[in-house]
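The values are calculated or read from the model by the stated rules, or taken from the named source; none is laboratory data. The shown structure was predicted, so the numbers you read here are calculated from the model rather than taken from an experiment. Cβ placement follows ideal geometry from the backbone for every residue including glycine, while neighbour counts extend to all protein chains displayed. These area figures cover heavy atoms from the full protein model, side chains too; ligands, DNA and RNA do not enter into them. Shrake-Rupley method; radii C 1.70, N 1.55, O 1.52, S 1.80 Å.
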Amino acid sequence: MKTTLLRFVALLLLITLVLATFPSPVYAAPNVASVTPDEIMNNIENTIIVSGTEFVPEAEVLLNGDSLATTFLNSETLTAVVPADLPANTYAVTVVMPDVSVSGSATLKIMSPPTEPLPFVRPQFVVKSTKINGSVSNNSEFKLNVVIDNAGTAAAYSVQAVFVSADLVPLKNGGVAVVNNVSAGEQENIAQNFLVTGSTYGKSVITVDVTVTYYDDQGNTYSDKFSLSIPTTGGGGSGIVYPTSTPTGLKSSQLVITSYAVSIDPLQPGEQFTLTATVQNVGNVRAQNITMIVGGGSSGSSGGETPQPGGVSGGSGEFTNFAPVGASNVQSLGDLAAGNMIQARQNLIVNVSTNPGAYPMKITFSYLNDKNESINDEQVITLLVYSLPNVDVSFYRPPDPFFVGEPGALPIQVVNIGKRSAVLGNMKLTTDAGTIENGSGLIGSIDTGGYFTLDSMLIPEQSGTVTMDVTIEYTDDFNQKRTMTRALEVEVMEGMIEEPIIDPSMGGGEGFPVPGEETALQKVWRFILGLFGLDSAPPPAGGEEILPEFEEPAPEIKPGSGKG
């Protein structure tokens with residue numbers, strides 16, 4: 001009994017020692033690694049992906065401590081739904097699990113969507129305040145301080161203020177004050193000294209006109225005019241000036257071709273194509289009754305309460321190189337609101353006599369503005385005309401039959417079938433069904449109807465129709481490298497099998513026997529046979545010597561011998 005117990009204890013100790021020798025697995029602690037995406041907009045509901053380690057199905061994603069609707073994908077991935085309309089801010093993303101501490105966190109930036117941009121931006125000045133220092137009375141001097149504010153949406157450049165009054169004479173600067181640049185939302189103080197030259201008797205105010213001129217970042221000029229009323233005084237002191245603004249903001253429509261394309265590229269003489277132009281109204285008022293005139297022209301209006309067409313002049317345009325096809329060069333585009341775009345199309349043909357080059361084309365847009373005034377916007381686009389080589393690649397004679405594995409001649413010629421001479425570069429032949437020798441050459445200049453020949457060699461590797469690609473390099477009229485590709489085909493037959501020559505004199509249709517090896521004695525014997533005019537041919541294969549056969553003559557029977 002004791003022996004059995006001791007054996008059991010020893011077995012347990014042995015198992016414990018064996019298990020101790022194997023390392024126990026180590027598991028990573030739960031951790032939050034990242035969140036995707038890390039920036040979202042708060043105007044819609046978003047789904048984020050939280051990546052980490054050792055997640056369990058009961059895991060929950062928190063956003064600044066607030067629980068989100070969480071979905072468990074696997075031990076390394078969770079998804080959560082972020083509701084809309086959360087305040088724009090940077091939030092901490094964490095994960096909690098029952099009875100387990102999850103380390104690490106990620107950040108999620110929630111932003112508000114950008115506001116809709118205005119159809120245009122411009123600077124705009126207003127008078128914020130005015131103040132006078134000194135007495136506004138007969139023959140007195142005073143200083144006028146005017147604070148202007150850029151209430152527009154763009155910076156104003158080269159700002160200049162001009163002061164004009166019938167009763168005042170500007171001092172020191174001639175009434176012109178330069179302010180330079182004013183950013184949107186900024187204010188500037190303009191100080192101007194005056195001398196009162198007119199009579200102030202019986203007048204309670206003196207009027208001063210201030211004209212502020214400036215530019216935007218596109219070079220457009222603007223002008224704002226203000227009428228300032230300055231109260232008169234009997235002596236020194238200060239007073240309040242009440243400005244009256246006369247807004248003169250620019251309101252106009254302007255049509256611009258923002259992009260254009262042709263249906264055929266490249267354009268060549270004699271080709272018909274469609275010109276597509278994208279037209280945008282970059283002004284701030286609607287353009288009405290738009291007429292597009294390709295080639296240049298104008299249209300008018302009689303004005304009045306109801307605008308009437310005053311005729312369209314579109315026949316004096318330039319049509320030497322491009323002419324309208326299928327319809328005239330005048331078409332109506334309707335109305336176009338400020339900031340909107342429209343596509344206009346015109347079918348044209350390139351004159352066959354047009355030489356390669358870049359040709360400007362004038363396009364006029366005639367329309368009515370918001371005051372029923374006729375406006376003509378003229379623009380120029382450029383069309384490129386090419387004259388690409390027109391060549392034919394063929395054989396100058398029918399090629400010889402081709403057999404697999406055997407070389408065959410390729411008599412290739414290149415003929416200029418165009419109407420102009422062509423300067424071509426390297427020509428190269430390639431094929432996947434064999435090997436081509438002498439398959440490249442420099443062509444050079446070819447006159448109209450001229451030709452260039454190249455004698456190449458083809459070693460086909462398979463039977464059937466073999467296609468060869470002929471690639472010719474050249475430079476177009478605008479010094480751009482181009483290539484043209486032609487294809488040539490030849491028929492290849494299976495290779496011929498050589499058969500032994502049949503000697504009709506040998507029976508059984510056997511061919512000549514193959515000579516076998518000879519010994520020195522056999523060669524001496526054949527030499528002796530040749531001296532006597534006998535057969536001295538070498539022995540057949542197998543080494544057996546064929547000796548000449550002699551027929552034994554029949555015995556001669558003499559009369560009376562008794563032999564029959």
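Of all the residues in the stretch 113-141, those that are without any contact (Cβ under 8 Å) to a residue 12 or more places away in the chain and either open to solvent by less than 30 Å² (accessible area, probe 1.4 Å) or on the phi > 0 side of the Ramachandran plot (or both) number 0.
A quick yes/no check of all residues on (1) closer than 25 Å to residue 276 by Cβ; (2) more than 36 Å from the chain's Cα centre (by Cα); (3) open to solvent by 50 Å² or more (accessible area, probe 1.4 Å):
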residue	(1), (2), (3)
321	yes, no, no
332	yes, no, yes
397	no, yes, yes
402	no, yes, no
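Checking each residue in the stretch 486-502 for being open to solvent by 80 Å² or more (accessible area, probe 1.4 Å) and modelled with pLDDT of 75 or more picks out 489, 491, 493, 494. Just wondering, is there one or more residues in the stretch 49-64 that are surrounded by fewer than 18 Cβ atoms within 10 Å (Cβ to Cβ), within 42 Å of the chain's Cα centre (by Cα) and not in a loop (DSSP other than H, G, I, E, B)? Scanning the stretch 49-64 turns up at least one residue that is surrounded by fewer than 18 Cβ atoms within 10 Å (Cβ to Cβ), within 42 Å of the chain's Cα centre (by Cα) and not in a loop (DSSP other than H, G, I, E, B).
Scanning the stretch 349-382 for residues that are assigned to a strand (DSSP E or B) and within 26 Å of the chain's Cα centre (by Cα) yields 357, 358, 359, 360, 361, 379, 380, 381, 382.
Comparison of 73, 108, 144, 78 shows that the only residue that is assigned to a strand (DSSP E or B) and open to solvent by 80 Å² or more (accessible area, probe 1.4 Å) is 73. Selection of the stretch 232-247 for residues being outside any strand (DSSP E or B) and either modelled with pLDDT of 85 or more or open to solvent by less than 60 Å² (accessible area, probe 1.4 Å) (or both) yields 232, 233, 235, 237, 241. Of the listed requirements (1) part of a loop (DSSP other than H, G, I, E, B); (2) farther than 30 Å from residue 468 by Cα, residue 397 misses just one: (2). Among residues of the stretch 404-421 that are within 15 Å of residue 472 (Cα to Cα) and hydrophobic (A, V, I, L, M, F, W, C), those with a Cβ under 6 angstrom from a residue that is in a strand (DSSP E or B) and open to solvent by less than 30 Å² (accessible area, probe 1.4 Å), sequence gap 6+ or separate chain, pair up as 412/454; 414/391; 414/393.
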